[in-house]
Amino acid sequence: MTAKKSELIIGVLFILAAGTAIIGLTLYNPILKDSNYLINGPEHANQVILGALMELILVVSAVGTSTTMFPILRKYNETIALWHICFRFLEAIIITVGIISVLSLLTLCQEFTTTASPNIASFEASGIVLKAIHDWTFLLGPNFMLGINTIMYSYIFYKSKLVPRFIPILGMIGSALIFLAALLEMFGIITQISIWGAILSLPIFANEMILAVWLIVKGFNASALTSLSEIKK
């Protein structure tokens, strides 16, 4: 694959991942945010399934960015490049578990509405567990693992000068903040969907979008790519 094609694919996949993540989470609202989700959930079945489809695209995009970046990153540091691809796959797996939990919650709602005399307490308990699984996967995948992944490729981009250094610097700052957000959320200091959560996640979102646009429009530094190729030889 040529460098130009890799740059375009990476840029598009970053944008696609960010867009589908936001859309997917929004489409889940009727089943994750509605207090009467057991009754109202089935009415929004197609919307929830569409949300799951968006997140599946997110999973494919996340894996796609790591596999496309790997041949480039490994020219500078193969160990970090391997760590990056492994942790990105782990992030994708965690997100997939979250998708399964939401779809299982939808099935639970459908079962509740079709059962003649449902045991409400039992259904509510099952719903709480499935929602908790989604919440924890949302914290560990797009927050915790994302911070680890981003700091890896940002470090290589900074050292190799493949892109202007302000981009990987923003990426490393964003990594630290999203990692901090994950820790604060794990210990219940802030909630996942909150003003502080949004503030702490903004730098990493900005980094991904700036990097994506830069790669699509400008691409990697040609001289830096040449230098990496010579080092690899």
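Below are the figures for this structure:
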item	result
Cα-centred dipole magnitude for region 1-127, charges only on beta-carbon of K, R (+1) and D, E (-1), debye, nearest 20	640
Among [x] 27, 22, 15; [y] 39, 17, 14; [z] 33, 20, 14, the entry that matches semi-axes √(5λ) of the Cα gyration tensor in Å as calculated here	[y]
Packing rank of 171-182, 120-131, where each peptide gets the mean count of other beta carbons within 10 Å, highest leading	171-182, 120-131
Carbon plus sulfur fraction of accessible area for the chain, probe 1.4 Å, in percent	71
Pairwise label distance in nanometres, I120 with I173, each label 7 Å out on the Cα-Cβ vector	5.2
Rounded to whole Hz, the Karplus (6.51, -1.76, 1.60) HN-Hα couplings of region 192-205, x for glycine and proline	4, 9, 7, 4, 5, x, 5, 4, 6, 8, 4, x, 6, 5
Dipole of region 3-231, positive direction: furthest Cα of T68, S122, L106, with charges on the beta-carbon	T68
Karplus-derived HN-Hα couplings along region 112-127 (A = 6.51, B = -1.76, C = 1.60, θ = phi - 60°), whole Hz, x at Gly and Pro	4, 6, 9, 7, 4, 10, x, 7, 4, 4, 5, 5, 5, 5, 5, x
Given charges at Cβ of Lys, Arg, Asp, Glu: region 18-93 dipole, positive-most of Y37, L90, A21	L90
Stretchable slack from T26 to N77, in nm (0.36 nm times residue separation minus alpha-carbon distance)	14.6 nm
Rounded to whole Hz, the Karplus (6.51, -1.76, 1.60) HN-Hα couplings of region 176-187, x for glycine and proline	4, 6, 6, 5, 4, 4, 4, 5, 5, 5, 4, 8
Per-pair calculated FRET efficiency, R0 = 22 Å: K5 and T226 via Cβ, rounded to 0.05	0.80
Charge dipole (debye, nearest 20) of region 3-231; +1 at Cβ of Lys and Arg, -1 at Cβ of Asp and Glu	940
Residues whose placed amide H lies under 5 Å from that of N221, excluding near-sequence neighbours	V163
Using distinct alpha-carbon pairs, which all enter the 1/r mean, Kirkwood radius of region 95-233 in Å	17.6
Extension gain, M186 back to L56 (0.36 nm per residue minus Cα-Cα distance, nm)	44.3 nm
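The values are calculated or read from the model by the stated rules, or taken from the named source; none is laboratory data. What you are looking at is a predicted structure, and each value in this text was computed from that prediction instead of being measured. Ideal geometry is used to build each Cβ from the backbone, glycine not excepted, and the neighbour counts take in all protein chains shown. Just the protein is used for accessible areas: all its heavy atoms, side chains included, with ligands, DNA and RNA removed. Shrake-Rupley method; radii C 1.70, N 1.55, O 1.52, S 1.80 Å.
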